[in-house]
Structure formats: C-alpha cells, structure tokens
C-alpha cells in the first residue's frame, strides 16, 4: 500500500512523504500511517477523529496564507474550513476519492493508496495522479 503525505499549498517538506507499507488485509488507516512512520496529531477537542498536524506541519507559529489573510492553527477544536489536512483513498485501479471516514475507522486494503493532502482555499483540489 502506498502512503503519501503532501503539504500542498504550504510547501512544507518536513511533512511530505511517499512510502510503501505492506498490508495483507483491510487495515485501519491510523495503523497504516503509524507503520509508515507518519506522525499524526489531532486536536484537543478531537484527538483521534481529526488530523491537525502531520509530522509537525503546520507548526503552531506558522502563518498560513489564505484569501482572507493569514491564519495560525492552534489545534484546539476543528481545523479551519479553508485550511486543513484532507484524507484521500485511491483503489488499485481508479481515481482518488475523498475519504468518507476518519483515520480511526477507515480501513484500507492491499493495493490501495492513502494520502493526507493539505488544502488551502480548496487548492490543491485533489491529489496528483
């Protein structure tokens, strides 16, 4: 299974990874990310349900530029609707699709790919092919 993290519009290389993780059965996405050595942090209000930081990105003191100005993510509640980590899944043959579940419940299967993509003001709109 391919695991990708892409800081997208932030261009923060510390968060970007692309690794393969062996899975032989449907596996929780949180476990796959752990096996890929991707450090995921939730928010204070939703520690396991949401993704606020990936490999420390965005840092609490990092100014995220967006069409309304700048924003700093403090990871207390819900991430901003205009700046967040989106979870995507790609079947062995097919197109990327926005995950309908979170890391704690989403199961991914052998041959699929999993991506966390940081989106600011709806860009990038989807993972690269």
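Where a number appears in this text, it was derived from the coordinates with a stated rule and is not lab data. Computed from a prediction, not measured in an experiment: that's the story for all the values here. Cβ placement follows ideal geometry from the backbone for every residue including glycine, while neighbour counts extend to all protein chains displayed.
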Computed helical MRE - 222 nm, the chain, DSSP H runs ≥ 4 contributing -39500 (n - 2.57), nearest 500: -1500 deg cm²/dmol
If you count, for each residue, the other Cβ atoms within 10 Å and average over each peptide, how do 6-13, 115-122 line up from highest to lowest? 115-122, 6-13
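Determine, for each peptide in 59-69, 98-108, the mean count of other beta carbons within 10 angstrom over its residues, then list the peptides with the highest first. Before the final figure, lay out the partial values.
Numbers: 59-69: 11.5, 98-108: 15.5.
The most tightly packed comes first, giving 98-108, 59-69.
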